[in-house]
1. Would you be able to tell me the number of residues in the stretch 119-139 that are among the hydroxyl-bearing types (Ser, Thr, Tyr) and without any contact (Cβ under 8 Å) to a residue 12 or more places away in the chain?
2. Every residue in the stretch 151-169 that is under 12 Å from Lys185 (Cα atoms) and either among the hydroxyl-bearing types (Ser, Thr, Tyr) or part of a helix (DSSP H, G or I) (or both), please.
3. Restricting attention to the stretch 83-118, and to residues there that are in contact (Cβ under 8 Å) with a residue 40 or more places away in the chain and open to solvent by 20 Å² or more (accessible area, probe 1.4 Å), which single residue is farthest from Tyr9 (Cα to Cα)?
4. Suppose we filter the stretch 119-130 for residues that are open to solvent by 50 Å² or more (accessible area, probe 1.4 Å) and not hydroxyl-bearing (Ser, Thr, Tyr); how many remain?
5. Being in contact with a helix residue (DSSP H, G or I) (Cβ under 6 Å, 6 or more places away or on another chain) and open to solvent by 20 Å² or more (accessible area, probe 1.4 Å), is that true of even one residue in the stretch 139-147?
6. Report, ordered by the first and then the second residue, all pairs with beta carbons closer than 8 Å, sequence separation of six or more or different chains, a first member in the stretch 56-69 that is closer than 18 Å to Asn90 by Cα, and a second member that is of a type in the set (S, T, N, Q).
7. So Leu25 clears everything in (1) part of a helix (DSSP H, G or I); (2) touching a residue at least 24 places away in the same chain (Cβ under 8 Å); (3) surrounded by fewer than 18 Cβ atoms within 10 Å (Cβ to Cβ) except one condition, right? Which one?
8. Need pairs with beta-carbon distance below 6 Å; first residue in contact (Cβ under 8 Å) with a residue 12 or more places away in the chain and over 20 Å from Asp4 (Cα atoms) and within the stretch 172-186, second in a helix (DSSP H, G or I) and aromatic (Phe, Trp, Tyr); sequence gap 6+ or separate chains.
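The values are calculated or read from the model by the stated rules, or taken from the named source; none is laboratory data. On a predicted model such as this, the values are computed, not experimentally measured, just so you know. Please note: Cβ atoms are built from the backbone with ideal geometry, for glycine as well, and neighbour counts cover all protein chains shown. For the accessible areas, the whole protein counts, side chains as well, though only heavy atoms, and no ligand, DNA or RNA atoms are used. Shrake-Rupley method; radii C 1.70, N 1.55, O 1.52, S 1.80 Å.
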Amino acid sequence: MKKDYKSLYQISWKEKKSYLLEVCLDEEIQQLFYECMNDHQLKRLLECSIITNVLYTYALNALYQVKDFDTMEYHLVMMNSLFYGKSYINVKEELLGRICVKPVDLQKYCIIRHLIDFKHLDFEKLIETLQVHFETSDEECAKICLIENQYDLAYHYMMKLDTLENDAMLELMHSFSTTYYLLLKNHFASSSPAYHYQLAIN
């Protein structure tokens, strides 16, 4: 199950340490992080620009070697929590250009949100932009809204669908609102061919 943007950035110092040990191939720097026992020590190490620059290079190499979207998202989340600066901004802009290929679906969105200033964007306008300019379907819009806990907006897009093959979307909506769930169940039932056939024979 995909996580919402906010939850992804609730990263402990131990998770950051594990990531850095995973990507860093410099044995001397690795040893410094092995000896790191708390958040304060980790921050002190990362305040050293020489160490940070070396780590950034290794992190970038690891990012460029990923083979799937889930792994790419993991690396972007960790890099966003650790690195800043013009070079990294340029990298994200380049990746954004590569990822924003029509149509944009849920998987691509989950990468895009880490390449833009997500925290300061109007989410509803972002979804509208994806649909208008990047051919994101109503169903994909609904999925995106659901994982970001935007249930009112998800309901809006789900009501535009005639059928729904993914029952998990309905169940997720049920956990938020029984009213929305029942309205959607009725909507999809009334949209089914069987329902209209039953009306015709009655």
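1. If we filter the stretch 119-139 for residues that are among the hydroxyl-bearing types (Ser, Thr, Tyr), which is where we start, we get 129, 136-137.
After this cut, where a residue has to be without any contact (Cβ under 8 Å) to a residue 12 or more places away in the chain as well, the list is 129.
Summing the residues that are among the hydroxyl-bearing types (Ser, Thr, Tyr) and without any contact (Cβ under 8 Å) to a residue 12 or more places away in the chain in the stretch 119-139 gives 1.
2. Matches in the stretch 151-169: Tyr155, Met158, Thr163, Asp167, Met169.
3. Applying the first criterion (in contact (Cβ under 8 Å) with a residue 40 or more places away in the chain) to the stretch 83-118 yields 106, 110-111, 113-114, 118.
Next, only the ones that are open to solvent by 20 Å² or more (accessible area, probe 1.4 Å) stay: 106, 118.
Numbers: Leu106: 19, Phe118: 12 Å.
Looking at the filtered set, the residue picked out is Leu106.
4. Our first condition is that a residue be open to solvent by 50 Å² or more (accessible area, probe 1.4 Å); within the stretch 119-130, this holds for 119-122, 124-125, 128-129.
If we keep only those that are not hydroxyl-bearing (Ser, Thr, Tyr) as well, we get 119-122, 124-125, 128.
The qualifying residues number 7.
5. Going residue by residue through the stretch 139-147, those that are in contact with a helix residue (DSSP H, G or I) (Cβ under 6 Å, 6 or more places away or on another chain) are 140-146.
Right, trim to open to solvent by 20 Å² or more (accessible area, probe 1.4 Å) and you get 140, 143.
The answer is yes; a qualifying residue exists.
6. Pairs found: Tyr56/Ser87.
7. Status for Leu25: all satisfied but (1).
8. Matching pairs, first to second residue: Tyr180/Tyr155.
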